[in-house]
1. If I ask for residues that are assigned to a helix (DSSP H, G or I) and either modelled with pLDDT under 75 or not hydrophobic (A, V, I, L, M, F, W, C) (or both), which ones from region 1-28 would you list?
2. Could you check how many residues of region 87-120 are open to solvent by less than 70 Å² (accessible area, probe 1.4 Å) and either more than 27 Å from residue 143 (Cβ to Cβ) or of a type in the set (A, V, I, L, M) (or both)?
3. Of the residues that sit in region 29-45 and are modelled with pLDDT under 80 and outside any loop (DSSP other than H, G, I, E, B), which one is farthest from the chain's Cα centre (by Cα)?
4. Could you list all residues from region 73-86 that are open to solvent by 40 Å² or more (accessible area, probe 1.4 Å) and under 15 Å from residue 120 (Cβ atoms)?
5. Residues of region 142-158 being closer than 19 Å to residue 40 by Cβ and among the small types (Gly, Ala, Ser), which ones?
6. I'd like the full set of residues that are surrounded by 13 or more Cβ atoms within 10 Å (Cβ to Cβ) and either closer than 13 Å to residue 80 by Cβ or not aromatic (Phe, Trp, Tyr) (or both), limited to region 126-142.
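The values are calculated or read from the model by the stated rules, or taken from the named source; none is laboratory data. Here the structure is a predicted model, which means the values were calculated and not measured. Ideal geometry is used to build each Cβ from the backbone, glycine not excepted, and the neighbour counts take in all protein chains shown. Side chains included, ligands, DNA and RNA excluded: accessible areas come from the protein's heavy atoms. Shrake-Rupley method; radii C 1.70, N 1.55, O 1.52, S 1.80 Å.
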Amino acid sequence: PTFKYYGFVGADVAGKDALIAAFTAPTVAVTQAGGATYVKDGGYALTISGGATPVGSNYTIVNRLNTGKLIINKKVVALKAVDCNKGPADDDPAFTLAAYTLGSGDALDAATITYSRVEGNEVGQSYEITPNVETIKVKKGSNDVTGNYTLTAGTPKGKLTVAKAALTITILDQ
């Protein structure tokens, strides 16, 4: 987090950057047990402590205003089904997701991952596969942290292609 000094007077106003460089910077911390790791309405309050002016300075730090906020924005994650193939008489294969990146220790809850696809089974045609992002949950251990993310269906959509059926011809013994 960044902070600002207020209250310079006279000629120091123009030369404040050089003065500030000589100060001992204060510490800024989040006032949340365990730190700020989740999206939170209104953000997290920041506190400021410490900091000092150099010996012989014309200033002393008298007030530390605790008005700062740390805002954690939701991470946008695009989820896309991997392209796959099947034969015309086959059931749809198990769909999977292409690579995606979540926060450290976060994982998609596999039990909540479902897909929909455009209906059709015509040989040579491809049909869009879309993960149902509305039902997918994100977990950190056993905690639901879905609220830290905006999950979207990636583009282009995954494709299920219906391939021609393999036909084998065997010569019979005579």
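1. First, the residues of region 1-28 that are assigned to a helix (DSSP H, G or I): 10-13, 16-22.
Those that are assigned to a helix (DSSP H, G or I) and either modelled with pLDDT under 75 or not hydrophobic (A, V, I, L, M, F, W, C) (or both): 10, 12, 16, 17.
2. Of the residues in that region, 13 qualify.
3. Across region 29-45, the extreme among qualifying residues is 29.
4. In the first step, residues of region 73-86 are kept if they are open to solvent by 40 Å² or more (accessible area, probe 1.4 Å); the result is 73-76, 78, 80, 82-83, 85.
Across region 73-86, the qualifying residue is only 85.
5. The one that is closer than 19 Å to residue 40 by Cβ and among the small types (Gly, Ala, Ser): 147.
6. Taking region 126-142 as the starting set, the residues that turn out to be surrounded by 13 or more Cβ atoms within 10 Å (Cβ to Cβ) are 126-133, 136-140.
Result: 126, 128, 129, 130, 131, 132, 133, 136, 137, 138, 139, 140.
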